[in-house]
Amino acid sequence: MTEFEKMLSNKLYWSADKDLIKMREDARKITRLYNQTKKRQNKYRKKLLKKLFGKTGSEFLVEPPFYCDYGFNIYIGENFYANFDCIILDVNKVNIGNNVFFGPRVCIYTAGHPIDADVRNTLLEYGKPIKIGNNVWIGGNTIINPGITVGNNVVIGSGSIITKDIPENVIAVGNPCKVLRLITEEDKKYWEDNKNKYHEIK
């Protein structure tokens, strides 16, 4: 079993493997190019991210600067938006659904390290996949830790650190991130009313 195969199988792997180093260097080249682009280069930006990511939708926007480990383990759905300074450490798969919005400095970490220092110092590490559902809004400066699933229709408050799975249809916030309350039909009515008022004024 190669170190690459171990990495994708949630097993301990040696991060200094020459093939993995080459893959990370390839990703760095693309992200360097991406982070040097101008706003008017939107088509070129999309081309770079389609080359970098494992899968994209047709409509997405990632504000530079953006950083990742490999890129090919990142799968995004339609209508994805990430604000400035997004970091995705994708030593394992990161699946992101449709209509997902990230505030600035959202960090997604699939990478984990042994607690024992002697083992950790040998550069052995592991990764656990992360899944984010559809219609999710993640506030700025949020950190998502390895192995987490965030359900559909979730709002995460800014500054949260997610250490456990978040169920569907909730607002969650804090360090550690905890469910604050359900998202209800009252929320839908409130925002639909405000949207209608907006269109009336417009």
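Where a number appears in this text, it was derived from the coordinates with a stated rule and is not lab data. Note that the structure is a prediction, hence the values are computed from the model and not measured. Quick reminder, even Gly has a Cβ in these numbers, built from the backbone with ideal geometry, and neighbours come from all protein chains shown.
By average Cβ neighbour count within 10 Å, what is the ranking of 145-156, 120-131 from highest down?
Result, highest mean Cβ count within 10 Å first: 145-156, 120-131.
When the Cα gyration tensor is reduced to axis lengths a ≥ b ≥ c, the ratio a/c is 1.5 or higher for region 1-120, and with a/b above b/c it is classed as prolate. Other residues whose C-beta falls under 15 angstrom from the C-beta of Lys22 contribute a net charge of -2, scoring Lys and Arg +1 and Asp and Glu -1. Net charge dipole, region 3-201: roughly 840 debye, given to the nearest 20, about the Cα centre with Cβ charges of +1 for Lys and Arg and -1 for Asp and Glu.
Separation of the alpha carbons by more than 30 angstrom is noted, of Lys11/Lys50; Lys11/Lys164; Lys47/Lys188, for Lys47/Lys188.
Separation of region 1-25 from region 55-121 is 18 Å, based on Cα centroids.
Here is how the number arises for the chain: DSSP H runs of 4 or more residues each give -39500 (n - 2.57), the sum is divided by the residue count, and the result at 222 nm is -8500 deg cm²/dmol.
Counting only lysines at least 8 places from Lys22 when in the same chain, those with an alpha carbon closer than 18 Å to its own are Lys6, Lys51. The aspartates and glutamates within cross-link reach of Lys39, meaning a Cα-to-Cα straight distance under 19 Å and a gap of 8 or more places when in the same chain, are Glu59, Glu63, Asp85. Here Lys131 is the anchor, and the aspartates and glutamates within straight C-alpha reach of less than 18 Å, apart from those fewer than 8 places off in the same chain, are Asp69, Glu78, Asp90, Asp165, Glu168.
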